[in-house]
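Report on one structure; see the data block that follows.
The values are calculated or read from the model by the stated rules, or taken from the named source; none is laboratory data. Given the structure is predicted, the values throughout are model-derived calculations rather than measurements. Note that we place each Cβ from the backbone using ideal geometry, even for glycine, and neighbour counts take in every protein chain shown. Ligands, DNA and RNA are stripped out before the accessible areas are found, and what is left, the full protein with its side chains, is counted by its heavy atoms. Shrake-Rupley method; radii C 1.70, N 1.55, O 1.52, S 1.80 Å.
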Amino acid sequence: MLDAPQPTSTEPCLDPFALAKALSGKHFIGGKLVPALSGATFAVVNPATGEEVARAAEGDARDVDAAVKNAAEAQKAWAKVPARKRGALVYQAAGLIRTHVEELSRLVALETGKALRTESRVEANNVADIFEFFGGLGGELKGESVPFGPEVLNITVREPLGVVGAIIPWNIPMMLMALKAAPALVAGNAIVVKSAEEAPLAVLRIVELMNRVLPPGLFNIVSGQGPSCGAPLVEHPLVKKVTFTGSVETGKIISKAAAEKLIPVTLELGGKSPMIVFADCDFEKTVAGALTSMRFTRQGQSCTAASRIFVERPIFDKFVAEMGKRVDAMVMGDPLDEKTDIGTIISPGQFSKVKAFIEEGKATAGATGRACSAMPADAALKKGLFIQPHIFTGLTKDSRLVREEIFGPVTVVFPFDDADAVLAEANDSEYGLAATVWTSNLKTALRFAHELEAGLVQVNQNLVVQPNLSYGGVKASGLGKEASLESMLEHFTHKKTIMVNMA
Ligand code: ADP
């Protein structure tokens with residue numbers, strides 16, 4: 001279907017350094033890998049070594065305009081393709097992600113510093129799952145009939161919105177793109193993605209691969225800076241919907257720009273997710289759950305990280321000690337090494353920000369910050385952005401470490417005595433993304449599940465986003481849901497009403 005030869009091979013490339021070079025300096029627009037119109041590029045850096053591994057095309061308003069116009073043209077024909085057929089094509093394109101899981105895992109590990117075994121491979125598999133899940137939902141794009149009488153036919157139909165602009169961050173770039181692109185495409189829209197500055201490569205490769213199956217122009221991606229490339233995408237007159245994952249500050253800017261155009265916007269923003277541990281929990285499972293909940297393997301760079309842990313006093317000391325011991329046993333090192341549990345922080349900017357939080361915590365009177373695991377010994381990694389995970393106790397509730405999203409491997413743990421008080425404390429946050437409760441008491445579990453102010457509450461587990469379950473926050477954590485059939489219908493279509501009078 002493509003009219004241009006592809007410089008990269010269809011065969012999976014397991015050398016991420018070579019693939020990074022092959023993808024250098026390109027957007028994917030109108031079915032082709034193309035450079036920025038200005039010719040400008042910026043560096044893509046391996047955070048484990050500080051070395052430049054590729055250049056990314058530095059897009060501006062002109063590249064965005066080209067991508068959106070291509071998308072708008074392609075969308076007209078795509079909207080006429082029966083929805084099940086659209087889904088089937090997306091499902092077929094997902095097959096290319098399946099066959100490239102290993103390649104994509106390595107590439108995303110290289111650019112983000114996320115450990116291959118514990119994080120990057122998991123993400124790549126999830127991406128294939130998400131595209132396959134939505135690919136199977138084409139037939140669900142259906143309407144209703146509303147009986148008014150024998151000579152009147154009232155029906156509703158689901159129509160696509162047009163061109164969707166998607167802006168994504170760097171922490172799970174492939175998966176967050178999939179959560180936007182899969183439902184948008186199956187619903188009959190075209191999409192232009194603006195990748196995150198720090199992680200433009202694996203997402204570019206996914207778009208390139210899927211374009212071997214999808215008609216050209218439907219699925220485009222541009223790279224560039226937020227204000228000079230993301231903002232023009234939001235503001236473009238042909239973009240009829242914006243979907244964004246990132247910081248609260250940028251979410252507000254995007255929401256205002258979308259309001260000017262009166263277009264719908266979906267926002268997935270930050271979190272400061274509480275984990276509440278009752279003394280009657282399954283201790284072993286819950287300590288292990290604290291490590292996964294805090295996403296220590298991703299250096300805590302997750303909106304749903306359990307960055308506030310409340311433990312019932314009788315098991316508090318034992319819990320904190322055991323948590324520390326288990327994080328100590330995790331191996332921090334080269335993200336591409338199978339032995340590594342924990343990789344790096346994404347960028348020097350985030351590195352300094354997280355370090356500043358740790359220093360502030362350590363300087364707080366009465367607080368203890370236990371540094372866990374060990375810095376990598378390998379000399380090749382000495383410039384890597386590694387930070388030891390920290391578990392803080394003894395902080396007060398007004399500390400910045402307790403109130404603000406750190407997006408690093410730092411969690412704070414508090415003892416509690418009273419269920420009502422801990423519920424109030426857990427809810428005392430501007431965020432409301434996710435929460436977990438750990439107890440063997442069903443009554444307690446259900447009470448907390450209902451009363452915690454969060455878009456997602458899990459009991460005795462903390463899984464990542466699951467296809468088919470709506471995901472999204474309340475309060476400052478966002479607007480709208482992703483990952484489910486309802487999210488596709490609500491956020492990527494509009495319901496048209498048709499009334500036919502045959503009297
Ligand atoms: P983070 O702190 O995770 O980088 P940001 O919200 O700054 O969070 O970035 C998330 C995404 O939003 C990135 O792709 C970034 O380039 C983009 N972005 C940043 N500023 C703007 C803006 N003014 N308009 C549109 N997109 C932006």
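For this structure, a couple of remarks:
- Every pair of residues 6+ apart whose Cβ atoms lie under 7 Å, when the first sits in the stretch 63-81 and is touching a residue at least 40 places away in the same chain (Cβ under 8 Å) while the second is part of a helix (DSSP H, G or I): V64/C229; V64/P232; V64/L233; W78/R86
- Test: residue in the stretch 468-476 that is touching a residue at least 60 places away in the same chain (Cβ under 8 Å), part of a loop (DSSP other than H, G, I, E, B) and open to solvent by 50 Å² or more (accessible area, probe 1.4 Å): yes
- Flag if A449 is in contact with a strand residue (DSSP E or B) (Cβ under 7 Å, 6 or more places away or on another chain), under 21 Å from S255 (Cβ atoms) and open to solvent by 20 Å² or more (accessible area, probe 1.4 Å): no
- Filtered residues of the stretch 25-64 (kept if under 18 Å from P348 (Cα atoms), of a type in the set (V, I, T), outside any loop (DSSP other than H, G, I, E, B) and open to solvent by 20 Å² or more (accessible area, probe 1.4 Å)): V45
- Residue in the stretch 255-263 that is of a type in the set (K, R), more than 20 Å from M488 (Cα to Cα), at pLDDT 95 or above and under 18 Å from the mean Cα position of the chain (by Cα) present: no
- Entry remark, the stretch 271-301: residues being among the small types (G, A, S), surrounded by fewer than 22 Cβ atoms within 10 Å (Cβ to Cβ) and in a loop (DSSP other than H, G, I, E, B) number 1 in total.
- Members of the stretch 103-142 that are farther than 20 Å from V464 by Cα, surrounded by 15 or more Cβ atoms within 10 Å (Cβ to Cβ) and not aliphatic (A, V, I, L, M): E103, R106, E111, G135, G136, G138, E140
- Any hit, the stretch 136-152, residues being under 18 Å from E482 (Cβ atoms), part of a loop (DSSP other than H, G, I, E, B) and not hydrophobic (A, V, I, L, M, F, W, C): yes
- Taken as a whole, the stretch 222-242 holds no residue that is open to solvent by less than 20 Å² (accessible area, probe 1.4 Å), within 8 Å of the ligand (Cβ to nearest atom) and in a strand (DSSP E or B).
- Of residues in the stretch 188-221 being among the small types (G, A, S), touching a Phe, Trp or Tyr at 6+ places or on another chain (Cβ under 7 Å) and within 16 Å of the ligand (Cβ to nearest atom), the one farthest from V44 (Cα to Cα): A196
- Hey, N189 touching a residue at least 24 places away in the same chain (Cβ under 8 Å) and in contact with a Pro (Cβ under 8 Å, 6 or more places away or on another chain) or not: yes
- Members of the stretch 243-280 that are within 7 Å of the ligand (Cβ to nearest atom) and among the charged types (D, E, K, R): E249
- Given (1) outside any helix (DSSP H, G or I); (2) away from the ligand (no atom under 16 Å from the Cβ); (3) surrounded by 24 or more Cβ atoms within 10 Å (Cβ to Cβ), index of the condition L185 fails: (1)
- Filtering the stretch 43-75 to residues that are under 30 Å from M332 (Cβ atoms), touching a strand residue (DSSP E or B) at 6+ places or on another chain (Cβ under 7 Å) and not acidic (D, E) leaves A43, V44, V45, N46, V53, A54, R55, A56.
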